[in-house]
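Trainee: My questions all concern the structure below.
The values are calculated or read from the model by the stated rules, or taken from the named source; none is laboratory data. Please read all numbers here as calculations on a predicted model, not as lab measurements. Cβ coordinates were reconstructed from backbone atoms using ideal geometry, including for glycine residues, and neighbour counts include every protein chain displayed.
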Amino acid sequence: MLKGRWMWLALVLTALLLVIVDVSSYSQQNTVLIAYRDISYLGANGVNVTKDVSLLNNAIVLMESGNYTGAQSLANEVIKDTQSLRGSFYVSIIYMVLPGIISIIVIITLIVMYLMRERIIGKLIIKFRSHYKVIKGSGKSRTMLFNEEVLAVVAAIIVVFLVFFSFYPAINRYAIEPYAAIAFLGPNGTITQYPSIVYPDEPINVSVYVYNGMGRPIWFVVYVYVTNTSFIEPPLNATPIMTLQRILLNNESWVQGITLSINKTGNYRVFATLWMYDPNNLELKYLNTYVYLTLNATSQSFP
């Protein structure tokens, strides 16, 4: 009877310990996600977060090996660094609005000069040509500086240029169509010479290529599946054989070599589906982007 109670107590304590470990690892992973959200936001606004992305990629490697404490330590370092990078963020914002401020000042100056053009030109003539004689004329202007149509055309050209000059930094940074790409690469590192005929239990070496064109640092996750040919496209009702993940800077690519094998003969498809952690809500999101290889696993024939 006493022995049974001790067994129940041991089971309860074990279950409680597992819950504590699970909650702790979730909290530590959540810290990494928070750090990722911060660097993604700063990177989207032109702040250099290369060092912090490298630290978080190291944190991801530590999490994959089960070292959640080490991952949390790196994430906290990144969070601390992002707080100091806020100054760079504000400088970036000033850089973006500065052309607009300059354009407004120039336009106001041109308007004032246009309204006071006769007085300004008169004063300049008096200053630099004071020894000239004044001769009575017809009262009509003989220079293009007083021609309304010419001034309107010049003003339109200047305004168009200044508007483009004002919005160019924002257009260059934000006016892009976010996209991401994934592909399989053959043994030579190109999108050709894929294996098509393989043998059971033979190593199959390919690489997964991912490109980030989302306009900001993104945490990508790639799930790799081996299925039969009845699966045409995701979603796949199957368990991935491996998971790859990495944070990429904007306009950065990533090539990850993988080795897999098939233990039975038949026709198969190897899928790689592309996911990302949404920096707005930190939820894992499928990007409706995938790639696959078709493999024919056949038995070896010996002479």
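Trainee: Checking the conditions here, which among Ile107, Ile79, Ile111 is surrounded by 13 or more Cβ atoms within 10 Å (Cβ to Cβ) and modelled with pLDDT under 75?
Mentor: Only one candidate qualifies: Ile107.
Trainee: Restricting the range 274-284 to residues that are surrounded by 13 or more Cβ atoms within 10 Å (Cβ to Cβ) and without any contact (Cβ under 8 Å) to a residue 60 or more places away in the chain, which is nearest to Glu233 (Cα to Cα)?
Mentor: Only one residue fits best here, namely Trp275.
Trainee: Only one residue in Val206, Val226, Val222 is modelled with pLDDT of 95 or more and crowded, with 18+ Cβ neighbours inside 10 Å, so which one is that?
Mentor: Val222
Trainee: Right, another one. Only one of these conditions is not met by Trp254: (1) modelled with pLDDT of 95 or more; (2) under 15 Å from Tyr290 (Cβ atoms). Which number is it?
Mentor: Every listed condition holds for Trp254 apart from (2).
Trainee: Further, regarding this structure: Filter the range 45-54 down to residues that are surrounded by fewer than 19 Cβ atoms within 10 Å (Cβ to Cβ) and in a helix (DSSP H, G or I) and give me whichever is nearest to the chain's Cα centre (by Cα).
Mentor: Applying the filter and picking the extreme gives Thr50.
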